[in-house]
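The values are calculated or read from the model by the stated rules, or taken from the named source; none is laboratory data. Because the structure is predicted, anything quoted here is derived from the model rather than measured. Every residue, glycine among them, receives a Cβ derived from its backbone with ideal geometry; neighbour counts consider all protein chains shown.
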Amino acid sequence: MSIAIVDARGWQNTLDLKTGEKIDAAGPVIKLVKDVLQRHPYPGDTDPGSNRWVSDTAFDLIDRYAPRFVFLTYAAQYFSGRYTPMSKETRARMISDVFLEAERFINRSGFAAIAVGTGDMTPLLGFIDVTRLDGLAVCTHWSTRYAGLYGPSPDDMKILEEHPHIEKIVSQEEVVRLFDGTPEQTLRLPEYLMLAREGYAFKTISDAMRIPVMIPSLNFNVPLHAPGHTVEAITGIRQILEEDLSEKNVALIAIEGVGLDEFLWPHRPCRNSTEWYYYEPGEAQYLTIVSGRHRFLDYPTGSGYKYFNGAEGAARSYPFSGHFKSIPEGAFASTFPGKSIAVGNKSMFMHMVTGADLSVECFARNLYNQGTMAVIHRADKL
């Protein structure tokens, strides 16, 4: 059983991660994690101290748990850049600060760093309104490039195919072919997948998030800092983790909202795509990195569209884990025999996509700070 501990500004609850029900649980790892949460309240997604919170929380866990593999996500600059208008100079300082923070972590911890930027940002030019179709268009809150389309009429298809800000409409069959999908995975797909041109985002009936000022660019390639390695695609990052961990402690660092144009450490372009598809910052991108294979069809809601199933009831598993209905298989840390931790200021990611023994993340929704959450997947390595 995976155990979740939610800390709402000092008020802690221990829960079964799968059911969300309160449980009575004790032990040295649970005490360790509770103490760490109490010492490190989360300042907020766009707070200047948010990225520092990631490092400081990781230091605390390293001192008490002694992991050999650490997965960190620094995301404050992604949230700030997405929702806060700022000058080029202000953004440059913000990007510089996150690299200084990552450098502080490496210098103090002594871990070797492999760092990947999740992609550049570009100003939002406008919305593609698909709320008045005869069919149903859906997309996730954090995707701007992709939207799924169900039951379109001939008139819908004509309008969409002629829309100046829609780059491409891809059939379900083409998506299945590209990712070698199984029959079960095909059931999760919409009839069509729509692709927005750079700078544009889809507006659907399912979108209730804040309006962004910047969105992900066309990130067919992302920057990778991996000293001593040449990696062609993000599917190759897992292999170099395995190689380096045979000799030293390693930190895999994801720097959100930073691409080839702004990445400040030595780096090489790394393919973040296959044919017409590229990964936006999200679950599918992270899972592809940590599993070494494309995961677009495993978790399609995180890849830009929702599996629409009106028969699904209200009861569900993993109520604190977003749209996940199970713990993803094949994440690197879940198969690594040594100790591992994950810390990040991006909700739901650290405990569901890294596979780490212990994870700590912000517990925030739509930028509203509700505290912190830790998940214990393995309590037998202390």
Revision key, fill the gap. Within the range 289-308, of all residues that are outside any helix (DSSP H, G or I) and modelled with pLDDT of 65 or more, the one surrounded by the fewest Cβ atoms within 10 Å (Cβ to Cβ) is Arg293
Exercise for review: Can you run down the residue pairs with Cβ atoms below 6 Å, 6 or more apart or on separate chains, where the first is in the range 29-47 and over 20 Å from Tyr65 (Cβ atoms) and the partner is outside any loop (DSSP other than H, G, I, E, B) and not charged (D, E, K, R)?
Suggested key: Pro43/Ser50; Pro43/Trp53; Gly44/Asn369; Asp45/Phe79; Asp45/Ala364; Thr46/Phe79; Thr46/Ser80
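Matching residues to (1) touching a Ser or Thr at 6+ places or on another chain (Cβ under 7 Å); (2) without any contact (Cβ under 8 Å) to a residue 60 or more places away in the chain:
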| residue | (1), (2) |
| --- | --- |
| Tyr192 | yes, yes |
| Pro212 | no, no |
| Glu247 | no, yes |
| Leu252 | no, no |
| Phe263 | no, no |
| Pro266 | no, yes |
| Asn272 | no, no |
Check your understanding: Is the range 75-84 home to any residue that is more than 23 Å from the chain's Cα centre (by Cα) and buried (at least 16 other Cβ atoms within 10 Å of the Cβ)?
Key -> no
Revision key, fill the gap. Within the range 28-58, of all residues that are of a type in the set (A, V, I, L, M) and within 20 Å of the chain's Cα centre (by Cα), the one surrounded by the most Cβ atoms within 10 Å (Cβ to Cβ) is Val54
Point to revise | Index of the failed condition, Asn219 passing every other in (1) under 20 Å from Met350 (Cβ atoms); (2) at pLDDT 95 or above | key: (1)
**Study point:** Test set (1) in a strand (DSSP E or B); (2) surrounded by fewer than 16 Cβ atoms within 10 Å (Cβ to Cβ) - Thr19 fails condition number
**Key:** (1)
Exercise for review: Being farther than 14 Å from Met373 by Cα and without any contact (Cβ under 8 Å) to a residue 60 or more places away in the chain narrows it down to one of Ile23, Ile106, Ile95, Ile62, so name that one.
Suggested key: Ile23
Check your understanding: Is it the case that the range 250-264 has a residue that's more than 30 Å from Phe336 (Cβ to Cβ) and part of a strand (DSSP E or B)?
Key -> no
Review point. Looking at Ala333, is it crowded, with 24+ Cβ neighbours inside 10 Å, in contact with a strand residue (DSSP E or B) (Cβ under 7 Å, 6 or more places away or on another chain) and either at positive phi or not in a strand (DSSP E or B) (or both)?
Key: yes
Practice item. Output the number of residues of the range 54-72 satisfying the condition of being among the hydrophobic types (A, V, I, L, M, F, W, C) and in contact with an Asp or Glu (Cβ under 8 Å, 6 or more places away or on another chain). Key: 1
Practice item. Residues being surrounded by fewer than 20 Cβ atoms within 10 Å (Cβ to Cβ), closer than 30 Å to Val138 by Cβ and over 21 Å from the mean Cα position of the chain (by Cα): count how many of those fall in the range 88-128. Key: 3
Review point. Gly148 passes all but one of (1) within 30 Å of Ser87 (Cβ to Cβ); (2) surrounded by 19 or more Cβ atoms within 10 Å (Cβ to Cβ); which number fails?
Key: (1)
Review point. In the range 9-57, what residues are of a type in the set (Gly, Ala, Ser), under 21 Å from Gln77 (Cβ atoms) and in contact with a Phe, Trp or Tyr (Cβ under 7 Å, 6 or more places away or on another chain)?
Key: Ser55
Review point. Can you name the number of the only condition in (1) assigned to a loop (DSSP other than H, G, I, E, B); (2) not assigned by TED's automatic domain parsing to the domain that holds Arg188 that Arg132 fails?
Key: (2)
Exercise for review: Give the residue, chosen from Pro281, Pro212, Pro227, that is crowded, with 21+ Cβ neighbours inside 10 Å and either in a loop (DSSP other than H, G, I, E, B) or among the acidic types (Asp, Glu) (or both).
Suggested key: Pro281
